[in-house]
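The values are calculated or read from the model by the stated rules, or taken from the named source; none is laboratory data. If you're wondering where the values come from, they're calculated on a predicted model, not measured in any experiment. Here the Cβ positions follow ideal geometry from the backbone for every residue, glycine too, while neighbour counts run over all protein chains shown. These area figures cover heavy atoms from the full protein model, side chains too; ligands, DNA and RNA do not enter into them. Shrake-Rupley method; radii C 1.70, N 1.55, O 1.52, S 1.80 Å.
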Amino acid sequence: MEFNSSPGDLMELSALFSDDSRVAEAASIAQKLRSFAEEDIGRQSMTVSSVVGNATASRGLEVAVANLQEYCNELENRLLDRFDAASQRRELSTMAECAKILSQFNRGTSAMQHYVGLLPMFDLEVMNADTRLVLGDPGSQPSPSNVASGLSSLYEEITETVRKEAATIMAVFPSPDDVMSILVQRVLEDRVPKLLEKLLMKPSLVNPPSMEEGGLILYLRMLAVGYEKTQELARDLRGVGCGDLDVEGLTESLFLPHKDIYIEYEQASLRQLYKAKMEELRAETQQSNESTGTIGRSKGASLASSHQQISVTVVTEFVRWNEEAISRCTLFSSQPATLAANVRAVFTCLLDQVSLYITEGLERARDSLTEAAALRERFVLGTSVSRRVAAAAASAAEAAAAAGESSFRSFMVAVQRCGSSVAIVQQYFANSISRLLLPLDGAHAAACEEMASAMSSAEGVAYKGLQQCIETVMAEVERLISAEQKATDYRSPDDGIAPDHRPTNACTRVVAYLSRVLEAAFTALEGLNKQAFLTELGNRLHKGLLNHWQKFTFNPSGGLRLKRDITEYGEFVRGFNAPSVDEKFELLGIMANVFIVAPESLSTLFEGTPSIRKDAQTFIQLREDYKSAKLAARLSSLWAGSS
């Protein structure tokens with residue numbers, strides 16, 4: 001009836017409701033009265049009645065409910081003030097007494113929130129100090145390692161503070177788990193996000209920060225550090241105690257805006273790193289060319305060295321970037337299928353980078369071969385030139401030959417490094433990527449196809465370059481034998497006297513050149529590539545020598561000299577391990593006998609090897625006595641009869 005008087009009039013309450021020493025009893029009674037009045041109003045509103053007394057009673061209790069609510073609010077505030085005062089003095093018993101009474105008001109939520117909200121760890125000054133600890137002085141560019149160290153220190157401090165508060169909470173509150181839940185939630189929804197906002201400022205993908213400003217990679221490294229350390233904090237707080245709060249889910253939600261489009265940033269960062277590396281390498285090459293004075297050197301020496309060579313170290317750096325990106329994929333991708341999709345996207349970036357880098361490197365090495373070929377063409381002269389012009393041309397041809405040899409070696413180095421680079425990528429795929437792709441249907445097979453496709457462009461350039469290498473070698477072989485081979489080598493005026501069993505000077509020079517230049521090919525090429533290259537070169541050498549010897553006339557001692565040359569060439573090409581080439585040079589040795597035997601013995605010379613009869617006919621015409629011995633008529637009847 002006291003509360004059922006006029007609305008808002010709480011002045012004339014009995015001692016039960018006004019005596020500070022009886023607040024616990026007053027709180028209990030007031031809450032029971034309020035519940036009774038609210039239940040009565042609920043019953044009355046559900047009963048349709050015309051009785052005036054009931055209606056009056058209902059209105060009276062509505063006044064009581066309003067007054068009781070006001071009284072409870074005022075009592076709750078009084079208790080909170082008393083709780084604050086006791087908290088300042090660290091009087092845990094008084095705090096516990098107030099908390100127990102306050103638990104009757106909305107299960108003590110206001111007291112819990114009030115307590116957590118007034119903790120010094122959430123003061124603005126403290127949060128500003130967090131920023132200085134982790135990010136350093138304003139205006140300075142923080143490094144991921146410094147940030148990691150700062151976050152570790154800060155999060156350890158926060159965990160320790162929460163641990164200390166947990167002891168107080170256990171002593172003061174009837175439901176300590178609920179308070180710990182509110183405290184940890186406040187840490188993860190207030191203190192940590194305010195720091196992360198300043199630490200993780202998402203850069204623009206359209207206008208990304210330059211590498212001088214740290215680039216996109218700085219943001220990604222900061223994101224990884226922030227995510228990893230905050231997860232550690234969440235685990236530590238879970239260990240201290242946080243009721244039934246979903247700490248892990250709350251922590252994940254802090255990073256969702258960053259994780260949603262994370263992979264786009266990873267891909268953009270890898271592209272930015274590649275672009276910066278290529279600019280750095282071009283600048284180094286240009287500086288090197290300027291400092292060594294390319295212009296002042298001989299043209300032959302400068303062609304290959306002035307081009308930027310493929311570097312396995314650079315490809316290893318690409319792989320290192322990719323490994324770092326994959327580690328972040330693993331960190332941010334909780335689902336295996338999501339991880340597989342992200343890993344494939346990141347690995348595709350590596351394939352694109354390596355493919356472009358080695359293809360362009362091979363193209364630059366090919367340019368050297370092309371430039372050397374242009375130099376050779378420039379110094380091909382006719383026969384009717386003065387001795388001075390011929391000497392100058394010969395000197396220039398030597399320079400062109402040096403350029404050819406230099407570019408040949410350079411291309412072989414490029415091919416070798418290309419092979420090493422591809423092997424590094426394949427090994428990386430097998431060791432680190434393959435297993436991560438398996439949870440996503442088709443991802444592994446697709447990545448294997450992409451790997452083969454990415455390397456096919458480099459293979460195409462390598463094939464063209466190796467063809468040019470063969471052209472380069474054969475051009476020098478033809479230059480050497482044309483310059484060094486004398487008519488008297490195979491048509492000695494001293495025929496019949498003790499024959500010269502040494503190979504001709506031209507043969508010696510060619511074999512020495514081939515031994516020297518092909519050393520690079522033997523080192524650079526492997527397996528089927530090596531076999532195919534040497535077989536093709538051996539066939540071209542065989543054809544070139546055949547055409548060359550058809551320019552000469554042979555007497556018997558010259559035939560012996562030729563046979564000696566063929567033996568020398570044959571022994572050299574045996575190192576190619578190409579049976580078809582060995583067979584051709586063996587048949588050449590047999591054909592050389594047409595210059596040595598007497599005319600009447602020619603008919604029996606090819607009885608065991610009819611396959612070379614056509615080439616033998618051509619050779620026989622080169623005999624010194626072809627006309628005098630009337631070999632044309634003698635052999636035409638022989639060939640006709642045998643066919």
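Looking at the stretch 106-209, the helices (runs of 4 or more DSSP H) lying wholly inside it that each contain 2 or more residues that are more than 26 Å from Gly241 (Cβ to Cβ) sit at 124-135, 144-172, 192-199.
The set of residues in the stretch 311-337 being of a type in the set (D, E, K, R) and either over 17 Å from Glu280 (Cβ atoms) or crowded, with 18+ Cβ neighbours inside 10 Å (or both) consists of Glu323, Glu324, Arg328.
One line per residue, one yes/no per condition, for (1) without any contact (Cβ under 8 Å) to a residue 12 or more places away in the chain; (2) touching a helix residue (DSSP H, G or I) at 6+ places or on another chain (Cβ under 7 Å):
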site	(1), (2)
Thr159	no, yes
Arg163	no, yes
Leu195	no, yes
Met201	no, no
Glu212	yes, no
Ile217	no, yes
Leu223	no, yes
Tyr227	no, yes
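Against the list (1) modelled with pLDDT of 95 or more; (2) surrounded by 15 or more Cβ atoms within 10 Å (Cβ to Cβ), the condition Glu571 fails is (2). Is it the case that Lys584 is open to solvent by 60 Å² or more (accessible area, probe 1.4 Å), within 23 Å of Lys486 (Cα to Cα), at pLDDT 85 or above and basic (Lys, Arg)? So Lys584 does not fit the description; no.
Restricting attention to the stretch 531-568, the residues that are open to solvent by 20 Å² or more (accessible area, probe 1.4 Å) and aromatic (Phe, Trp, Tyr) add up to 1.
With respect to Ala633, is the statement that it is open to solvent by 40 Å² or more (accessible area, probe 1.4 Å) and either at pLDDT below 75 or closer than 20 Å to Arg491 by Cβ (or both) true? Considered against the rule, which asks whether it is open to solvent by 40 Å² or more (accessible area, probe 1.4 Å) and either at pLDDT below 75 or closer than 20 Å to Arg491 by Cβ (or both), Ala633 comes out as yes. Of the set (1) within 30 Å of Met112 (Cα to Cα); (2) in contact with a Gly (Cβ under 7 Å, 6 or more places away or on another chain); (3) surrounded by fewer than 17 Cβ atoms within 10 Å (Cβ to Cβ), all apply to Met180 but (3). Quick check, is Gln308 modelled with pLDDT of 95 or more, open to solvent by less than 60 Å² (accessible area, probe 1.4 Å) and not small (Gly, Ala, Ser)? Against the criterion (modelled with pLDDT of 95 or more, open to solvent by less than 60 Å² (accessible area, probe 1.4 Å) and not small (Gly, Ala, Ser)), Gln308 does not qualify. Evaluate the following for Pro503: is it at pLDDT below 90 and either open to solvent by 70 Å² or more (accessible area, probe 1.4 Å) or not in a helix (DSSP H, G or I) (or both)? Taking the combined requirement at face value, the residue does not satisfy it. One residue alone among Gly465, Gly527 is at positive phi, open to solvent by less than 80 Å² (accessible area, probe 1.4 Å) and not acidic (Asp, Glu), and that residue is Gly527. The single condition from (1) surrounded by 21 or more Cβ atoms within 10 Å (Cβ to Cβ); (2) within 13 Å of Ala454 (Cβ to Cβ); (3) of a type outside the set (D, E, K, R) that Ala340 fails is (2). Looking at the structure I just gave you, is Ile433 open to solvent by less than 50 Å² (accessible area, probe 1.4 Å), closer than 30 Å to Trp549 by Cβ and in a helix (DSSP H, G or I)? No: the conditions fail for Ile433. Could you please let me know if Leu440 is touching a residue at least 24 places away in the same chain (Cβ under 8 Å), buried (at least 21 other Cβ atoms within 10 Å of the Cβ) and more than 30 Å from Lys563 (Cβ to Cβ)? So Leu440 fails the test. For the stretch 186-231, taking the residues that are within 26 Å of the chain's Cα centre (by Cα) and among the acidic types (Asp, Glu), the one that is surrounded by the most Cβ atoms within 10 Å (Cβ to Cβ) is identified as Glu228.
For the stretch 274-305, taking the residues that are modelled with pLDDT of 85 or more and of a type in the set (D, E, K, R), the one that is surrounded by the most Cβ atoms within 10 Å (Cβ to Cβ) is identified as Lys277.
Which of the residues belonging to the stretch 233-255 are acidic (Asp, Glu) and in a helix (DSSP H, G or I)? Within the stretch 233-255, Asp236, Glu248, Glu252 qualify.
Would you check if there is a residue in the stretch 215-227 being out of contact with any Leu (no Cβ under 7 Å at 6 or more places or on another chain) and either in a loop (DSSP other than H, G, I, E, B) or modelled with pLDDT under 90 (or both)? No, because not a single residue in the stretch 215-227 is out of contact with any Leu (no Cβ under 7 Å at 6 or more places or on another chain) and either in a loop (DSSP other than H, G, I, E, B) or modelled with pLDDT under 90 (or both). Among the residues in the stretch 379-387, are any assigned to a helix (DSSP H, G or I), modelled with pLDDT under 70 and either of a type outside the set (A, V, I, L, M, F, W, C) or open to solvent by 50 Å² or more (accessible area, probe 1.4 Å) (or both)? Among the residues of the stretch 379-387, at least one is assigned to a helix (DSSP H, G or I), modelled with pLDDT under 70 and either of a type outside the set (A, V, I, L, M, F, W, C) or open to solvent by 50 Å² or more (accessible area, probe 1.4 Å) (or both), which makes the answer yes. Each residue in the stretch 444-459 was checked for being open to solvent by 30 Å² or more (accessible area, probe 1.4 Å) and either touching a strand residue (DSSP E or B) at 6+ places or on another chain (Cβ under 8 Å) or closer than 18 Å to Val354 by Cβ (or both), and 8 of them qualify. The set of residues in the stretch 569-580 being over 43 Å from the mean Cα position of the chain (by Cα), in contact (Cβ under 8 Å) with a residue 24 or more places away in the chain and either outside any helix (DSSP H, G or I) or within 22 Å of Thr618 (Cβ to Cβ) (or both) consists of Tyr569, Ser580. Residues being touching a residue at least 24 places away in the same chain (Cβ under 8 Å) and either touching an Asp or Glu at 6+ places or on another chain (Cβ under 9 Å) or not hydrophobic (A, V, I, L, M, F, W, C) (or both): count how many of those fall in the stretch 314-323. Count: 4.
Among the candidates Ala345, Ala414, Ala340, Ala390, the residue that is modelled with pLDDT under 90 and in a helix (DSSP H, G or I) is uniquely Ala390. Taken over the stretch 88-129, the criterion of being at positive phi and open to solvent by less than 20 Å² (accessible area, probe 1.4 Å) is satisfied by Gly108 alone.
Take the conditions free of Cβ contacts under 8 Å to residues at least 24 places away in the same chain, out of contact with any His (no Cβ under 8 Å at 6 or more places or on another chain) and crowded, with 18+ Cβ neighbours inside 10 Å and apply them to Gly150. Does it pass? For Gly150, the condition - free of Cβ contacts under 8 Å to residues at least 24 places away in the same chain, out of contact with any His (no Cβ under 8 Å at 6 or more places or on another chain) and crowded, with 18+ Cβ neighbours inside 10 Å - is met.
Scanning the stretch 513-523 for residues that are open to solvent by 10 Å² or more (accessible area, probe 1.4 Å) and either small (Gly, Ala, Ser) or not in a helix (DSSP H, G or I) (or both) yields Ser515, Ala520.
Val162 falls short on exactly one of the conditions (1) open to solvent by 30 Å² or more (accessible area, probe 1.4 Å); (2) at pLDDT 90 or above, and that condition is (1).
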